[in-house]
Structure formats: C-alpha cells, structure tokens
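Quick notes on the structure that follows.
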Amino acid sequence: MKYIQKILLISIFAFLLSSCGPRETPTLEPTATLAEPTPTEVPMALKVNGEGITLEEYQAELTRLQQAQTTLSTTATPEEQRDRVIEDLTDQLLLAQAAAQNGYSVDDATLQSRIDSLASDMGGADKLSAWLSANAYTDASFRVALRRSIAVAWQRDQIINTVPETADQVHVRQLLVQDEANAQSLYTQLQNGADFATLAYKLDPTTGGDLGWFPQGYLTQSAVEDAAFALEVGKYSEIIQSDLGYHILYLIERDAAHPLSVDARRTLQQQRLDEWLTAAKGTSKIEILVK
C-alpha cells in the first residue's frame, strides 16, 4: 500500500502601496515546518533470530492450509491450524537462514528463471497468475515465498544427503499374534524344536513373516527393533509386546554395510532433518506474535 501525502502551500503577499510615500516591505509570518511522517510498523506474526514473517503472509498461509484441508476433507481446530502454520514457517526460516550462513543465495535471475519455468509448466503466465490469485498470493508475496523455498530446499538437501546409502541392517522374520496366550504357545513350540519358518508361514502364508532388511530407526515399534538388533544370527527372541501385538523374532542375517532401500533411506533422511531442526530451535530466538 502506498501512502500519498498532498501538501498545499499557500503564500499570501500583501503590498501596501502609497501614491506619495515609499513602498513598505511586508512582514511575513514564519511558515510552519511539516513533521516527517512516522513510518508505520508492519504487523508481524513470527520472528526467528530477528527475521520476521508478516501477519499478512501468515494469514495467507493459513488460508492456503484451510483450502487444502477442505479439498482433502480433513479437519483441524483453529489452534491446530495455527500451530501447524507457525511450525512450518519457523522451519522455513531456520533452513533459509542456515543456507545464507553457508553462502547460498537466490539471485534475481535464478528466481525469474524458476517463475518462467512454472508459468511454462502451467500453460502460460495467465494460468500462473490465476493460480496465484486462487491461492492467496500476490506477485510480490509469491516471489518472497519462492525465493525462500529455493533456499530451504538447498539447505534441506545439504542435511539429508549426509545420510549414507548403506547402513548396519538386519534381515528378520517374525511371528505376530494378537494375544499373549497364542504367543506363549508359539514360543513353547519353538523351544520344543519347531521350525520358525514353518510356523511363520502358517500365520502369514504370503510373506512368511519376512520383514526384510531394515536399519535402526526404521521400524515404528522401537521395542521390536531393539530386540532385532540384540539377536544373534540364527536365534529367536523372547516374546515382545508392542502396539501391534505380540512378536517373536528370528534373525536370518545381518550386514554392517547393507544398501538402504529407497524407503528406508528416506525415513532416515527425515529423521536427520527433524534432528537438525530440533537442534536449531534449541539455539534460536523464536518469537510467536499471534494467538
């Protein structure tokens, strides 16, 4: 928004004329000095290490989240929506700031090239303009958001690419049942010499309970994962209770540098990024200015 200040200066000159007397010099009152307008402070929603997100940008981001949830038929309370937007914007600022500290910047040519590419992908500048309008962006706000997102993506890649392509992994088969009595029965059969794979295929004819290869930090049930990595090859575990039921594990093989699957590496990369963000938040000044 531009503020236009119009100043009308009126000068009044009085000339006292006399047909016989000398011309008198008029006395002028001093003109009042106009004070400089005080800059209006832009309302802020969030500050991270002194760098802020305006209230206008926050509200636009909140609108986009609400539109997405409507499209996906998902719901959230206003407080949950607020917290999600604040967290996402905080993460963006932390990553963008780290990118700048590491010497990365997005120049105008790079930004314009990315915008031109987006317009081309969407079928032209008019289509992009319509998309911006439908998603609560102005041209200026979109440029700010896109410039930051490019820096965020660069810094994110620096973090997640530190995850190697191999890791210490185990190859495990399991027996999984929903009640402890059945688990105890299976465990007793194993102790009496039953074959683990045979029992596993009876419970799961499709996969025989084969969990495949996985690294530490991959399974959702940490108790199961801890038990798997504590086993010796060719041995089975005691009964392990988890949120999924009762497990008995058998370690088929272990490899200290086994290639990570795409999904496993992606999971470890997300964990690495989450750890980085947690550490960054712990050493940053974060001010939340909206309720």
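At 1.306 mPa s and 10 °C, plugging the Kirkwood radius over alpha-carbon pairs of region 153-291 into Stokes-Einstein gives what diffusion coefficient in µm²/s?
Answer from the Stokes-Einstein relation: 93 µm²/s.
Can you tell me the equivalent ellipsoid semi-axes for region 100-231? Use √(5λ) from the Cα gyration tensor, largest first, whole Å.
Here the semi-axes work out to 54, 19, 13 Å.
Let me know the charge dipole size of the chain about its Cα centre in debye, to the nearest 20, where only the beta-carbon of Lys, Arg (+1) and Asp, Glu (-1) is charged.
That gives the chain a dipole magnitude of about 920 debye.
Can you give the translational diffusion coefficient of region 76-119 in µm²/s, computed by Stokes-Einstein from the Kirkwood radius over Cα pairs at 4 °C and 1.567 mPa s?
Values: Rh = 12.7 Å.
Rounded, D is 102 µm²/s.
Under a 1.4 Å probe, what is the accessible area of the chain per residue, stated in Å²?
Per-residue accessible area for the chain comes out at 66 Å².
Tell me the volume per residue, in Å³, of the convex hull enclosing the alpha carbons of region 179-257.
In region 179-257, the Cα convex hull volume per residue is 95 Å³.
What aspartates and glutamates could a cross-link reach from Lys127, if we take a straight Cα to Cα line under 19 Å and drop same-chain neighbours fewer than 8 places away?
Once the sequence-local aspartates and glutamates are set aside, what remains near Lys127 is Asp116, Asp139.
Within region 221-291, what whole-number % of the accessible surface is contributed by carbon and sulfur, with the 1.4 Å probe and all protein chains included in the calculation?
Here it works out to 49 percent.
Please go through region 206-263 and write out the GluC sites (Glu not before Pro) that DSSP classes as loop and that have at most 15 other C-beta atoms within 10 Å. If you can, show how the numbers build up before the last one.
Values: sites: Glu225, Glu232, Glu238, Glu253; in loops: Glu232, Glu238.
In loop regions of region 206-263 (DSSP not H, G, I, E or B), the sparsely surrounded GluC sites (Glu not before Pro) are Glu232, Glu238.
Report, in order of residue number, the helices in the chain meeting two criteria: a C-alpha extent of 20 Å or more along the helix axis, and a mean Kyte-Doolittle hydropathy of at least 0.0; treat each whole DSSP H run as one helix.
Passing helices, by number: 139-160.
For a test of the definition: using alpha carbon positions, the gyration tensor, and the 1.5 limit on a/c, classify region 67-163 as rounded, prolate or oblate.
oblate
The chain: longest stretch without exposed chymotrypsin sites (Phe, Trp or Tyr not before Pro) (DSSP loop, at most 16 other Cβ within 10 Å), sites themselves excluded?
105-291
Over the Cα atoms of the chain, what radius of gyration and what Dmax do you get, in Å?
Looking at the chain, its Cα Rg and Dmax stand at 33.6, 140 Å.
Dipole magnitude of region 99-217 about its Cα centre, charges +1 at Lys/Arg Cβ and -1 at Asp/Glu Cβ only, in debye to the nearest 20?
Details: 8 positive and 14 negative charges, 58 e Å.
It comes to approximately 280 debye.
Rounded to the nearest 500, what is the 222 nm mean residue ellipticity of the chain from helices alone, with -39500 (n - 2.57) per DSSP H run of 4+ residues and division by all residues?
-15500 deg cm²/dmol
Given the alpha-carbon gyration tensor of region 176-215, what are the semi-axes of its equivalent ellipsoid in whole angstrom, ordered largest first, with each equal to the square root of 5 times an eigenvalue?
The three semi-axes for region 176-215 are 18, 12, 11 Å.
Got a number for carbon plus sulfur as a percent of region 47-205's accessible area, 1.4 Å probe?
Numbers: 4370 of 8990 Å².
Answer for region 47-205 is 49 percent, counting heavy atoms of protein chains only.
The values are calculated or read from the model by the stated rules, or taken from the named source; none is laboratory data. Just so it is clear, the model here is predicted, and its values are computed rather than measured. As a convention, Cβ positions derive from the backbone with ideal geometry for all residues, glycine included, and neighbour counts pool all protein chains shown. Just so you know, the surface numbers come from the protein's heavy atoms only, side chains and all, with ligands and any DNA or RNA stripped out. Shrake-Rupley method; radii C 1.70, N 1.55, O 1.52, S 1.80 Å.
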